[in-house]
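Some notes on the structure that comes next.
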Amino acid sequence: MDQRRSKENYYLDIADAAQKRSTCLRRRFGATIVRDDEIVATGYNGAPRGRRNCTDLNYCARESLNVPAGERYELCRSVHAEANAIISASRQDMIGATLYLVGRDAKTGEYYPNTTPCAMCRRLIINAGIKQVVCRVSETEYTTTLVRDWVYLDDSLPK
């Protein structure tokens, strides 16, 4: 009997390793894009190349303004982990791929049990041709979402 870690948790572990490079003071995210059992790209959230990171500045605009999670992303210095992974890969390599995502609280290190890509990253994931997104809930648990559900259940339309 095979006692190895599942493939899903293996790729989530790699995304978890990527999040350790995050430079966000609030949330640390890591992403891994995998197609045909090969890693296409990884990413973590942090300031754009050449700009100073929040960890260097010891300042977060959203935190200082008490902006709730999921709001006012335009105030954030960071590029999201999913976006960084997507811009590091060719679209051809992402078509039909799976994106693995891990989120942790920067202060406690605890997993976010409701990790999911934001609305902006969902649009990037759809256009990249990624097939599904797997988000870590705990050390061994995860959720899987088919990207086509985001297309058909378009939450950007008025109800």
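The values are calculated or read from the model by the stated rules, or taken from the named source; none is laboratory data. This structure is a prediction, so every number in the text was calculated from the model and none was measured. Neighbour counts are summed over all protein chains in view; Cβ atoms, including those assigned to glycine, are modelled from backbone coordinates with ideal geometry. All accessible areas refer to the heavy atoms of the entire protein, side chains included, with ligands and DNA or RNA removed. Shrake-Rupley method; radii C 1.70, N 1.55, O 1.52, S 1.80 Å.
Under a 5 Å amide H cut-off, with hydrogens placed 1.01 Å from N, Ala41 pairs with Ile33 among residues at least 5 apart or on other chains. For the range 54-122, the set of trypsin sites (Lys or Arg not before Pro) satisfying both a DSSP loop assignment and a count of at most 14 other C-beta atoms within 10 Å is given as Arg72, Lys107. Calculated mean residue ellipticity, 222 nm, the chain: -7500 deg cm²/dmol, from DSSP H runs (n ≥ 4) at -39500 (n - 2.57) each, averaged per residue and rounded to 500. Computing Kirkwood radius over Cα pairs in Å for the structure here picks out one of [x] 18.1; [y] 16.0; [z] 16.9, namely [y].
Bridging of Lys107 to lysines at a Cα separation below 25 Å is possible for Lys20, once same-chain residues fewer than 8 apart are set aside. Near Trp150, once Lys and Arg are set to +1 and Asp and Glu to -1 for all other residues with Cβ below 14 Å from its Cβ, the sum equals 0. If R0 is 25 Å, what FRET efficiency do you get for Glu74 and Lys159 from their C-beta distance, rounded to 0.05? Efficiency computed from Cβ-Cβ geometry: 0.55.
For Ile14, the solvent-accessible surface with a 1.4 Å probe is about 40 Å², rounded to the nearest 10.
Within the assembled protein chains, the solvent-accessible surface assigned to Ser156 is about 90 Å², based on a 1.4 Å probe.
Annotation for the range 111-153 versus the range 1-78: alpha-carbon center distance of 14 Å.
Identify the residues of the range 3-33 with backbone N under 18 Å of a label point that sits 7 angstrom from the Cα of Thr55 along the Cα-to-Cβ direction, or state none. Of the residues in the range 3-33, 14-32 have backbone N under 18 Å from the label point off Thr55. A simple count of charges around Asn58, restricted to other residues whose Cβ falls under 14 Å of its Cβ and scoring Lys, Arg +1 and Asp, Glu -1, yields +2. Relative to the Cα centre, the charge distribution of the chain, modelled as +1 at Lys and Arg Cβ and -1 at Asp and Glu Cβ, gives a dipole magnitude of about 560 debye. The long axis of helix 7-19 is offset from the longest Cα principal axis of the chain by roughly 20 degrees.
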